[in-house]
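Quick notes on the structure that follows.
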């Protein structure tokens, strides 16, 4: 995730906590899913300004992706548990 937007790095924006990146191979391509963690919906609204449901996809990512969701979905977390670190053996 070293090429992620500087605005999406922890501490870069008030109320922003972290980003998780998931990957899965499909028959014809690879799909990525990004989870951005914020303290509150108000923090998301401040981060995205006018349209908090617009997907945050940096131009550099858009240039290499075949497609991407234009709209994001927001969820209230009911339970979050620490995950073990990802290693090359676990991928």
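Just a few scattered comments:
- Scanning region 16-50 for residues that are more than 16 Å from residue 66 (Cα to Cα) and assigned to a strand (DSSP E or B) returns 16, 17, 18, 19, 20, 21, 22, 35, 36, 37, 38.
- Of all residues assigned to region 51-63, at least one qualifies as being within 13 Å of the chain's Cα centre (by Cα), part of a helix (DSSP H, G or I), modelled with pLDDT under 90 and surrounded by 13 or more Cβ atoms within 10 Å (Cβ to Cβ).
- Any hit, region 67-74, residues being at positive phi, over 14 Å from the mean Cα position of the chain (by Cα), outside any helix (DSSP H, G or I) and loosely packed, with under 10 Cβ neighbours inside 10 Å: no
- For region 76-90, residues that are outside any loop (DSSP other than H, G, I, E, B) and at pLDDT 80 or above total 0.
The values are calculated or read from the model by the stated rules, or taken from the named source; none is laboratory data. None of these values were measured; they are calculated from a predicted model. Neighbour counts run over all protein chains shown; Cβ positions are idealised from the backbone, glycine included.
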